[in-house]
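Right, one structure below, let's go through it.
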Amino acid sequence: MPTTRPAPQVLPLPMEIEAKFYLTDPDELRRRLSLLGGVLAHGPRLERNWRFDNADGRLAADGRVLRLRVDDHAHLTFKTPSDLPEFRGEIEFEVSDPAAAQALLEALDYHPVWLYEKWRAVYRLDLAQVMLDELPFGSFVEIEAASLDAVERVARRLGLDWKRRLASSYLGLFARLRQSRQLAFREATFEAFADQSPVQPEELGASDAMTEMDPSPRQTRESHE
């Protein structure tokens, strides 16, 4: 009799925990990272990100993300939503051939529906990743760590107003901007935005998250010397 093999166990997706903030002065955030001992892990690198969906937009309707990101390397990412915007199930892995990865997705009836570009620099601070993103329509910082408390702690150290974190994805922000400006183009590339006036945070439904930093013990000692 043929041997029956058990079906592979399907494990829950690893959880991504992060918060996003809008910035009007990314140079000030870089200064604060340096002051607090943040270490530049890599970048800035230009990323090109393609979002995929099927013809009826099922992934977007369910709040799921299928993305191919290409910079110095290429990564395929799948994300699922949760009740809180800071928590998302995530599978991400490197692919050696992005063209082959795209061909596979299209063979499975997933096609590119949106392209966006960004310059990303990744810093390490307090066991968290701090990702400084420059998009054609604004500057943002994402903080990722093993717990939401750790994310909030790093945000407060950097002087970011926790109440001003953003629930929208970059696609959601761009969709809002595209509607308000009646933009004809559908891709958020630097070339597409070359002739556009600077985007104001109100157009994105955002506000600058930067506030005054709480003085660290080191800063306090230096101020009295």
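Of all residues in region 145-159, those that are in contact (Cβ under 8 Å) with a residue 40 or more places away in the chain and of a type in the set (A, V, I, L, M) have Cβ atoms under 8 Å from Cβ atoms of residues that are buried (at least 16 other Cβ atoms within 10 Å of the Cβ) and in a helix (DSSP H, G or I), 6 or more apart or on another chain, in 145/151; 145/154; 158/29; 158/32; 158/33. Determine if region 206-213 includes at least one residue that is under 16 Å from residue 21 (Cβ atoms), open to solvent by less than 30 Å² (accessible area, probe 1.4 Å) and in a helix (DSSP H, G or I). Scanning region 206-213, I find no residue that is under 16 Å from residue 21 (Cβ atoms), open to solvent by less than 30 Å² (accessible area, probe 1.4 Å) and in a helix (DSSP H, G or I), so the answer is no.
Here residue 224 fulfils each of the conditions (1) surrounded by 15 or more Cβ atoms within 10 Å (Cβ to Cβ); (2) modelled with pLDDT under 95 apart from (1).
Under the condition of being in contact (Cβ under 8 Å) with a residue 24 or more places away in the chain and hydrophobic (A, V, I, L, M, F, W, C), which residue from region 85-94 is surrounded by the fewest Cβ atoms within 10 Å (Cβ to Cβ)?
Narrowing region 85-94 to residues in contact (Cβ under 8 Å) with a residue 24 or more places away in the chain: 85-91.
After this cut, where a residue has to be hydrophobic (A, V, I, L, M, F, W, C) as well, the list is 87, 91.
Numbers: 87: 15, 91: 12.
Within region 85-94, the match that is surrounded by the fewest Cβ atoms within 10 Å (Cβ to Cβ) is 91.
Could you go through region 155-163 and let me know if any residue there is on the phi > 0 side of the Ramachandran plot and either open to solvent by 50 Å² or more (accessible area, probe 1.4 Å) or in contact with a Pro (Cβ under 7 Å, 6 or more places away or on another chain) (or both). No.
Which residue out of 31, 45 is among the basic types (Lys, Arg), free of Cβ contacts under 8 Å to residues at least 24 places away in the same chain and out of contact with any Leu (no Cβ under 8 Å at 6 or more places or on another chain)? Give the steps one after another, and end with the answer.
Working: 45 fails: free of Cβ contacts under 8 Å to residues at least 24 places away in the same chain.
Testing whether each residue is among the basic types (Lys, Arg), free of Cβ contacts under 8 Å to residues at least 24 places away in the same chain and out of contact with any Leu (no Cβ under 8 Å at 6 or more places or on another chain) leaves just 31.
Answer with yes or no whether residue 109 is over 24 Å from residue 60 (Cα atoms) and more than 18 Å from the chain's Cα centre (by Cα). In short, no.
Could you tell me whether any residue of region 77-88 is among the polar types (S, T, N, Q), assigned to a helix (DSSP H, G or I) and modelled with pLDDT of 95 or more? Working first, answer last.
Taking region 77-88 as the starting set, the residues that turn out to be among the polar types (S, T, N, Q) are 77, 80, 82.
This time we only want the ones that are assigned to a helix (DSSP H, G or I), so: none.
Scanning region 77-88 turns up no residue that is among the polar types (S, T, N, Q), assigned to a helix (DSSP H, G or I) and modelled with pLDDT of 95 or more.
Is it true that some residue in region 27-37 is within 30 Å of residue 208 (Cβ to Cβ), small (Gly, Ala, Ser), at pLDDT 95 or above and out of contact with any Phe, Trp or Tyr (no Cβ under 6 Å at 6 or more places or on another chain)? Yes, the conditions are met somewhere in region 27-37.
For first residues located in region 126-138 and at positive phi, partners that are aromatic (Phe, Trp, Tyr) and lie 6+ apart or on another chain with Cβ distances below 9 Å form the pairs 138/22.
Any chance you could count how many residues in region 5-26 are of a type in the set (A, V, I, L, M) and at pLDDT 95 or above? Steps first, please.
Step one: filter region 5-26 for residues of a type in the set (A, V, I, L, M), giving 7, 10-11, 13, 15, 17, 19, 23.
Right, trim to at pLDDT 95 or above and you get 17, 19, 23.
Residues in region 5-26 being of a type in the set (A, V, I, L, M) and at pLDDT 95 or above: 3 in total.
Residues that are in contact with a Gly (Cβ under 9 Å, 6 or more places away or on another chain), over 24 Å from residue 139 (Cβ atoms), surrounded by 13 or more Cβ atoms within 10 Å (Cβ to Cβ) and not aromatic (Phe, Trp, Tyr): does region 103-113 have at least one? Yes, region 103-113 contains a residue that is in contact with a Gly (Cβ under 9 Å, 6 or more places away or on another chain), over 24 Å from residue 139 (Cβ atoms), surrounded by 13 or more Cβ atoms within 10 Å (Cβ to Cβ) and not aromatic (Phe, Trp, Tyr).
Condition (residue is over 18 Å from residue 18 (Cβ atoms) and not hydroxyl-bearing (Ser, Thr, Tyr)) applied to region 142-158: is it met by at least one residue? Within region 142-158, not a single residue is over 18 Å from residue 18 (Cβ atoms) and not hydroxyl-bearing (Ser, Thr, Tyr).
The values are calculated or read from the model by the stated rules, or taken from the named source; none is laboratory data. Computed from a prediction, not measured in an experiment: that's the story for all the values here. Reconstructed Cβ throughout: ideal geometry from the backbone, glycine too, with neighbour counts over all protein chains shown. Quick note on the areas: whole protein, heavy atoms, side chains included, nothing else; ligands and nucleic acids left out. Shrake-Rupley method; radii C 1.70, N 1.55, O 1.52, S 1.80 Å.
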